[in-house]
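**Q** One structure, pasted below without further comment.
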Amino acid sequence: MEGCKTVSTPLDNNKALKKEDGSPKADESKFRSLIGSLLYLTATRPDIMYAVSLLSRFMLDPSQVHYGAAKRILSDWAGSMDDMKSTSGYAFTLGSGIFSWASKKQATVAQSSAEAKYIAVAMTTSQALWLKRILEDMGEL
């Protein structure tokens, strides 16, 4: 996600979300999949319930602004003020459904948002390679 920075809330309090915001349309399938995954996460993360519920109102015709707001919920660079560790997350889809996802606090403190991104990409790449091997063993690739 471009322009990642420390966020203290799942939504930007200074931006009102509306149906017609003038931005280009987002991929409806990807947006629905992301919102569905976030709704699943609300069982263990009640702090994101309001933000996810609000964004679910736009599932029929999402814009890039809506998609960006949903991705912000996944972003948590230096989100823990206790230990300053960032949280990384990923979601893998097969067809129209997500089959593997994670949201995990990083093991080390990143010195910059670029480093936090690198750590997140390394974690995601490791999982992608493991999933690729599993799919190859199953004859799916």
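The values are calculated or read from the model by the stated rules, or taken from the named source; none is laboratory data. These numbers were taken from a predicted model, which means no experiment stands behind them. We work out accessible area using only protein heavy atoms, side chains counted, and drop any ligands, DNA or RNA first. Shrake-Rupley method; radii C 1.70, N 1.55, O 1.52, S 1.80 Å.
**Q** Heavy-atom accessible area of D83 with all protein chains present, probe 1.4 Å, nearest 10 Å²?
**A** Estimated to the nearest 10 Å², D83 gives 50 Å².
**Q** Determine the per residue accessible area of the chain with all protein chains present and a 1.4 angstrom probe, expressed in square angstrom.
**A** Dividing the accessible area of the chain by its residue count gives 65 Å².
**Q** Can you list which of the DSSP-assigned H helices in the chain have a Cα extent of 27 Å or more along the long axis and an average Kyte-Doolittle score of at least 1.6?
**A** Helices passing the filter in the chain: none found.
**Q** Could I ask something else about it? Considering only G22, G68, G97, give the residue with the highest GNM mean-square fluctuation for the chain, with springs between Cα atoms whenever their separation is below 10 Å.
**A** G22
**Q** In whole Hz, what ³J(HN,Hα) sequence does the stretch 14-24 give by Karplus (6.51, -1.76, 1.60; θ = phi - 60°), x for Gly and Pro?
**A** Each residue of the stretch 14-24 in turn: 8, 10, 8, 8, 9, 4, 9, 10, x, 8, x Hz.
**Q** Which of rounded, prolate, oblate describes the stretch 55-130, given a ≥ b ≥ c as roots of the alpha-carbon gyration tensor eigenvalues and a/c under 1.5 marking rounded, otherwise prolate only if a/b is larger than b/c?
**A** Since a/c reaches 1.5 but b/c is at least a/b, the shape of the stretch 55-130 is classed as oblate.
**Q** Which ³J(HN,Hα) values in Hz, rounded to whole numbers, follow from the phi angles of the stretch 99-112 under the Karplus curve 6.51 cos²θ - 1.76 cosθ + 1.60, where θ = phi - 60° and Gly and Pro get x?
**A** 10, 8, 8, 7, 9, 9, 5, 5, 6, 10, 7, 7, 8, 7
**Q** Please list the non-local residues whose amide H lies under 5 Å from the amide H of A110, H modeled 1.01 Å from N, same-chain partners needing a gap of 5 or more.
**A** The list, which skips near neighbours in sequence, is S86.
**Q** Probe 1.4 Å, all protein chains in place: accessible area of E28 in Å², nearest 10?
**A** Here the accessible area works out near 70 Å².
**Q** Pop out the carbon and sulfur fraction of the accessible area of the chain as a percent, whole number, probe 1.4 Å.
**A** For the chain, the apolar C and S fraction of the accessible surface comes to 55 percent.
**Q** Ok, one more. What order do S96, S112 take when sorted by accessible area (1.4 Å probe), most exposed first?
**A** So the residues, ranked largest to smallest area, are S96, S112.
**Q** Is it possible to state the helix-based mean residue ellipticity at 222 nm for the chain, with each DSSP H run of 4+ residues giving -39500 (n - 2.57), the sum divided by total residues, to the nearest 500 deg cm²/dmol? What is it?
**A** -13500 deg cm²/dmol
**Q** Counting alpha carbon pairs within less than 8 Å and at least 6 residues apart, what relative contact order, in whole percent, applies to the chain?
**A** Reported as a whole number, the value is 22 percent.
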